[in-house]
């Protein structure tokens, strides 16, 4: 994360932010829920109070007169409590689910604004755990904690009121062990928060491991790595299990300590109260009322101590969520932005590196408008980084990149990226229909325009073989289609986008001869009339390029046409000769 200041701040500030940003708008429902919680909690105190007249007035008289009325009163209290409890649970859980849905939506929206560098250092599994796992932990608090804090706090107050009304001395004896537990309880809460942070981080690692396994299942099978991946996953599970178990142990310690206090209280009240009854200073009904209240008191106290543990665990999740929300993009649109006009693409003394590793070292070249310019060079020469810098997925550290007369850093980011269409080696298809994947190039396009693009990109040739045609769902990452079919869908998307600048990152490198021929024909149609930059590894595919730029270690070492560069006998000629030799050997 680029900003960790949130995790160092007090938890109270984060809870206040959560309240103001996501919960406060539901305050009428929460007020109603609190009223219902108060009714539910107060019913228990009323029940304990009703025990005294039941023993002193009715049972001691040896008559059933009035017992029915007291029984109806007690029964009514429990019906009232059940109704209030049912309604407040519906309200609180409903609010909790809406808060989590809102928070998840906000997180995803914010993540989509962040720079590419953020996603290079935060794997998908970890981000999924932030959006789903950490928000779910908050949902548990927003429901369980709120219900317990409201209902059990009122229950405690009402029961303590009955106890104090009956005898304040007995109440002091009952609470004799409470001060002793304050420091141990605080230590347990700190332990729970610390282990919860570790557990959430381990959960993110676990999700990342699963993400890599499922996306790499073909590689795992072909290389017989099943046992290796099982062992790595087992290690990740164990790393998650250890802090999770410590958190559970800490949570279990809370009610155990409350039980110890309860035992001390019961023993003290039995001893002191028994003496008062024998001495005639208190009635049996008063003792039973007090003892009932005391017996009922420790259960909500146990729940409240457990909620404290949940709040500590949720605080760790809340810190992780706001770490994300406090991370801000650095690549932004300027204000005001300059209008972008079509023209030459110019790289002028551009430098860029990832960390301490330089990639572009004073790169300078010009791609003429309306022409095709090819970038060639060994792996690591910086060719793909050229595309990233032109689209501002990364920001050049020095030098200037222009489209026409306008530096890309001075153009509106949305307009810049709308001006450029990209077709790469990795086909970014989504688990939607072929039609929907093509329409991502222009969301407002008509069905007729989508079908025209599909026809021009040779998509209709295979789509018509499916029963649903263009409405066929392509599967996760386009897994229901072949490599050549996926590429043609991406080309159709670029055709529909109709951007004046086209970037091609070796889109035919992984295709067989038949697929390459079909995709190549579609690319030729796509490139017509556009300023095209193409990264080429197979030099035979760029013979007809208007200009070839040869790169080495992030700088241009040669420029010219295919025939001209061969005649010079330099780097391009050596690369060409190596490929011819390799082709002959194979």
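The values are calculated or read from the model by the stated rules, or taken from the named source; none is laboratory data. Nothing here was measured: the structure is a model prediction, and the numbers come from that model. We place every Cβ from the backbone using ideal geometry, glycine too, and count neighbours over all the protein chains shown.
Residue 214 versus (1) surrounded by fewer than 12 Cβ atoms within 10 Å (Cβ to Cβ); (2) modelled with pLDDT of 75 or more: which is the lone unmet condition?
In the conditions (1) surrounded by fewer than 12 Cβ atoms within 10 Å (Cβ to Cβ); (2) modelled with pLDDT of 75 or more, residue 214 misses (2) alone.
Listed here are the residues, each with its yes/no results for (1) out of contact with any strand residue (DSSP E or B) (no Cβ under 9 Å at 6 or more places or on another chain); (2) in a strand (DSSP E or B).
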| site | (1), (2) |
| --- | --- |
| 347 | no, yes |
| 365 | no, yes |
| 374 | no, yes |
| 381 | no, no |
| 400 | no, yes |
| 435 | yes, no |
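Could you please tell me which pairs satisfy a Cβ distance under 7 Å, a separation of 6+ or placement on different chains, a first residue in the stretch 391-418 that is free of Cβ contacts under 8 Å to residues at least 60 places away in the same chain and at positive phi, and a second residue that is assigned to a strand (DSSP E or B) and surrounded by fewer than 16 Cβ atoms within 10 Å (Cβ to Cβ)?
399/348; 399/349
Quick one: which residue in 227, 195 is more than 27 Å from the chain's Cα centre (by Cα), modelled with pLDDT of 75 or more and in a helix (DSSP H, G or I)? Walk me through it before giving the result.
Numbers: 195 fails: more than 27 Å from the chain's Cα centre (by Cα).
Checking each option against the conditions leaves just 227.
In the stretch 496-523, which residues are touching a strand residue (DSSP E or B) at 6+ places or on another chain (Cβ under 7 Å), at pLDDT 75 or above and either closer than 11 Å to residue 421 by Cβ or surrounded by 21 or more Cβ atoms within 10 Å (Cβ to Cβ) (or both)? Quick ask: steps written out before the conclusion?
Taking the stretch 496-523 as the starting set, the residues that turn out to be touching a strand residue (DSSP E or B) at 6+ places or on another chain (Cβ under 7 Å) are 497, 499-507, 523.
Those still in the list that are at pLDDT 75 or above too: 497, 499-506, 523.
Within the stretch 496-523, 497, 499, 500, 501, 502, 503, 504, 523 meet the criteria.
Report yes if some residue within the stretch 442-456 is in contact with a helix residue (DSSP H, G or I) (Cβ under 9 Å, 6 or more places away or on another chain), touching a residue at least 40 places away in the same chain (Cβ under 8 Å) and part of a loop (DSSP other than H, G, I, E, B); otherwise report no.
yes
Applying the selection to the stretch 97-138, what residues are modelled with pLDDT of 85 or more and in a loop (DSSP other than H, G, I, E, B)?
Across the stretch 97-138, the qualifying residues are 112, 113, 114, 115.
Residue by residue, here is whether (1) at pLDDT below 70; (2) closer than 30 Å to residue 326 by Cβ; (3) touching a strand residue (DSSP E or B) at 6+ places or on another chain (Cβ under 9 Å) holds:
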| residue | (1), (2), (3) |
| --- | --- |
| 4 | yes, yes, no |
| 9 | yes, yes, no |
| 17 | no, yes, no |
| 35 | no, no, no |
| 40 | no, no, no |
| 56 | yes, no, no |
| 66 | yes, no, no |
| 78 | no, no, no |
| 81 | no, no, no |
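Residue 324: more than 30 Å from residue 51 (Cβ to Cβ), under 47 Å from the mean Cα position of the chain (by Cα), in a helix (DSSP H, G or I) and modelled with pLDDT of 80 or more, yes or no? Steps first, please.
Details: more than 30 Å from residue 51 (Cβ to Cβ): yes; under 47 Å from the mean Cα position of the chain (by Cα): yes; in a helix (DSSP H, G or I): yes; modelled with pLDDT of 80 or more: yes.
Answer is yes for this residue.
Only residues in the stretch 95-115 that are closer than 16 Å to residue 327 by Cβ count as the first member; pair them with residues that are assigned to a loop (DSSP other than H, G, I, E, B), Cβ under 6 angstrom, at least 6 apart or cross-chain, and list the lot.
Within 6 Å, the pairs are 113/329; 114/329; 115/329; 115/330; 115/331.
Mind listing just one residue for me: the one in the stretch 527-554 that is assigned to a helix (DSSP H, G or I) and modelled with pLDDT under 80 and, of those, surrounded by the most Cβ atoms within 10 Å (Cβ to Cβ)?
541
Could you identify the single residue in 162, 141 that is modelled with pLDDT under 75, in contact with a helix residue (DSSP H, G or I) (Cβ under 6 Å, 6 or more places away or on another chain) and surrounded by 15 or more Cβ atoms within 10 Å (Cβ to Cβ)?
Working: 162 fails: modelled with pLDDT under 75.
The match here is 141.
Report, by residue number, each residue of the stretch 116-138 that is under 25 Å from residue 25 (Cβ atoms) and without any contact (Cβ under 8 Å) to a residue 60 or more places away in the chain.
Passing the criteria: 131, 132, 136.
For residue 84, indicate whether it is closer than 18 Å to residue 152 by Cβ, in a helix (DSSP H, G or I) and either out of contact with any helix residue (DSSP H, G or I) (no Cβ under 7 Å at 6 or more places or on another chain) or without any contact (Cβ under 8 Å) to a residue 60 or more places away in the chain (or both). Let's see the steps before the verdict.
Numbers: closer than 18 Å to residue 152 by Cβ: yes; in a helix (DSSP H, G or I): yes; either out of contact with any helix residue (DSSP H, G or I) (no Cβ under 7 Å at 6 or more places or on another chain) or without any contact (Cβ under 8 Å) to a residue 60 or more places away in the chain (or both): yes.
It is true that residue 84 is closer than 18 Å to residue 152 by Cβ, in a helix (DSSP H, G or I) and either out of contact with any helix residue (DSSP H, G or I) (no Cβ under 7 Å at 6 or more places or on another chain) or without any contact (Cβ under 8 Å) to a residue 60 or more places away in the chain (or both).
Given the options 268, 253, 263, 235, name the one that is exposed (fewer than 13 other Cβ atoms within 10 Å of the Cβ) and either modelled with pLDDT under 75 or under 24 Å from residue 303 (Cβ atoms) (or both).
Working: 268 fails: exposed (fewer than 13 other Cβ atoms within 10 Å of the Cβ); 253 fails: exposed (fewer than 13 other Cβ atoms within 10 Å of the Cβ); 235 fails: either modelled with pLDDT under 75 or under 24 Å from residue 303 (Cβ atoms) (or both).
Just one listed residue meets the conditions, 263.
So how many residues does the stretch 392-405 have that are crowded, with 19+ Cβ neighbours inside 10 Å and more than 11 Å from residue 345 (Cα to Cα)?
Qualifying residue count for the region: 3.
From (1) crowded, with 17+ Cβ neighbours inside 10 Å; (2) modelled with pLDDT under 90; (3) closer than 20 Å to residue 503 by Cβ, pick out the condition that doesn't hold for residue 426.
Result: residue 426 passes all but (1).
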